[in-house]
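All remarks here apply to the structure that follows.
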Amino acid sequence: MTERPPLPDGFVAVVKQDCPTCQLVEPVLVQLVDAAELVAVVTQDDPSFPDLATASSAPERIFDDDLAISYLWDIETVPTLLRIEDGEEVERIVGWDRQQWQDLTGLPDLGPDLPDWRPGCGSLSVDPMRADELAGRFSASGLRSRRVEFAELEDDFEAMWDRGWSDGLPLVPPTEARVARMLAGTTRAPDEVVAVVPPDLVECTVEKVAVNAVMAGCLPEHLPVVLSALEAACTREFNMHGLLATTFFSGPILIVNGPIRQRIGMNSGVNALGQGNRANATIGRALQLVVRNVGGGLPGGVDRATLGSPGKLGFCFAEDEEGSPFTPLSVDRGLDPGVDAVTLFAGHGPTSIIDQKSREPESLVRSFAAVLRTNAHPKLPLKIDAVLVISPEHGRIFREAGWDREQLMARLGELLLLDSDELVQGAGGIAEGIPEAFAGMQLPKFREGGLLVCHAGGGAGLFSAVLGGWVNGEEGSDPVTVPIGT
């Protein structure tokens, strides 16, 4: 941020000629000059305005033609009357309010012929036509990221692709103005280190995240989710480095809970796991771009996925908490209700569960268990986690029967207790499986906490989904849930 231009101590008025309220208070400004109260007038659009010819003295006139004063002193409305002491603002009044102006100045007879109150006009410094240019000049001047200059005839989009910044899709050019606007989405300092990003273990600042969020197409209000997701991804538990290096399909899946879902317009309904929603599509993409461009996680380099999945471009959705028969996923994972949160799960694309006949929860939960048993492979228990995404039509069956999350999970646990004789290597003529030493036992398909359940999707369609995971524990990745900061 550029240092603010100094203003003299005393009362300073900020006005523009193209403002009826500023024109209205011209005689009041004369009164303040005569009373030796007004020391300076800052005018945005006409250096000869206001007309103070009848005043007994002449205050300092400042023509704010580049709007540096207005922008850096956060003037949103004119007229604004500031009281400055030792170079710092101590009070301000916005618009015309006789009582407030009298109280601030101590002068009892200001504007006797004026109406008691009039609203001001928008400052030129908040004019949408000027916002990007001003942000680029002032807010972005403190950016520490290196600016990459393109040749005059280079196409910005092709140039970003040629330099290896892209995930294969077009990027939004991260201009200074766009990055500055993105940074306005968080209260965190641009130079704050968010995480050490694998695989190259590079310290990543809020500003670097903002750069990649711009390229991903995020809005400023999405940035807090991206920041928290990056913090979660770079924990030892989630093991982003291992997730990159595996030859398996998986990448980070982001599941968002809390009021922030509505505030930023996320989709938890129709096509929640698909395309078409800006927040869903860009937040997950931004995380992946940070890992790529800051951490060095490039496909064909550290990223050695045999097949990968489309979700590795970015996989993010919100839970439909309001329509759910169950407590939210974030609450199940230890956070308080109503807390904005993001859960990261190392997973891949959905496997469908089609059950259009069940109308009782016992029948439906058996369908769920039958599909969940095949997660990764029907003969592999305990090591591969999953997310069960229950749709509204399936969820309604549990709600009407009075089943809560605990009852659902308990019954799934019973149904997913497997006979290890069917799982050992060679059983059923399949070489894959667990060692023969585990024969004669019953083993759960999922470890404790290894099956996550959330609620999302459109109101029509008796379909749910399983999002398969990667290997868990010390050898792989554990789900991580963190609050979303500001």
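The values are calculated or read from the model by the stated rules, or taken from the named source; none is laboratory data. This one's a predicted model, so the numbers in the text were calculated from it and none came from an experiment. Counting neighbours? That spans all protein chains shown, and the Cβs are built from the backbone with ideal geometry, glycine included. Protein only, heavy atoms only, side chains kept; ligands, DNA and RNA dropped before computing areas. Shrake-Rupley method; radii C 1.70, N 1.55, O 1.52, S 1.80 Å.
The GluC sites (Glu not before Pro) of the stretch 403-449 that meet both conditions, a loop assignment by DSSP and at most 16 other Cβ atoms within 10 Å of the site Cβ, are GLU432, GLU448. Computed over all pairs of different Cα atoms, the Kirkwood value for the hydrodynamic radius of the chain is 26.2 Å.
Across all Cα atoms of the stretch 324-469, the radius of gyration (one decimal) and Dmax (whole number) stand at 15.9, 50 Å. Bridging of LYS383 to aspartates and glutamates at a Cα separation below 19 Å is possible for GLU237, GLU414, ASP419, ASP421, GLU422, GLU432, GLU436, GLU448, GLU474, GLU475, ASP478, once same-chain residues fewer than 8 apart are set aside. Taking a straight Cα-Cα cut-off under 18 Å and skipping sequence neighbours fewer than 8 places away in the same chain, the aspartates and glutamates within cross-link reach of LYS357 are GLU393, GLU400. The angle separating the long axis of helix 278-293 from the principal Cα axis of greatest extent in the chain is about 80 degrees. Note on the stretch 320-466: antiparallel DSSP beta bridges, both residues inside, total approximately 60 percent of the bridges counted. Computed on protein heavy atoms with a 1.4 Å probe, the accessible areas place CYS121, CYS22 in the order CYS121, CYS22, largest first.
Taking a Cβ cut-off of under 11 Å around LEU382, the surrounding Lys, Arg, Asp and Glu residues balance to a net charge of +1, with basic ones at +1 and acidic ones at -1.
How would you classify the stretch 75-145 from its alpha-carbon gyration tensor, with a ≥ b ≥ c the square roots of the eigenvalues: rounded for a/c under 1.5, else prolate if a/b is greater than b/c, otherwise oblate?
oblate
A 1.4 Å probe run over the protein chains yields, for the stretch 399-486, 47 Å² of accessible area per residue, whole-number rounding. With Cα atoms as the point set, the stretch 146-261 shows a radius of gyration and Dmax of 15.3, 46 Å. Over the chain, DSSP H runs of length four or greater, each weighted -39,500 (n - 2.57), average out per residue to a 222 nm ellipticity of -8000 deg cm²/dmol. Among the cysteines of the chain, those with no neighbouring cysteine Cβ under 4.7 Å are CYS204, CYS218, CYS234, CYS316, CYS454.
Heavy-atom accessible area for PHE63, with the other protein chains in place and a 1.4 Å probe, reaches approximately 90 Å². Rounded to the nearest whole Hz, the Karplus-based 3J(HN,Hα) values (6.51 cos²θ - 1.76 cosθ + 1.60, θ = phi - 60°) of the stretch 333-344 follow the sequence 9, x, 8, 6, x, x, 7, 5, 8, 10, 10, 9, with x at glycine and proline. Computed as a quarter of the hull surface, the mean projected area of the alpha carbon convex hull for the stretch 229-378 stands at 10.2 nm².
Histogrammed with a bin width of 5 Å, the alpha carbon distances of the stretch 196-313 distribute as 2, 12, 23, 24, 20, 13, 5, 1 percent, first bin at zero.
Helix 206-216 and the longest principal axis of the Cα set of the chain meet at an angle near 70°. The apolar share of the surface of the chain, taken as the fraction of accessible area on carbon and sulfur atoms (1.4 Å probe, ligands and nucleic acids excluded), comes to 52 percent.
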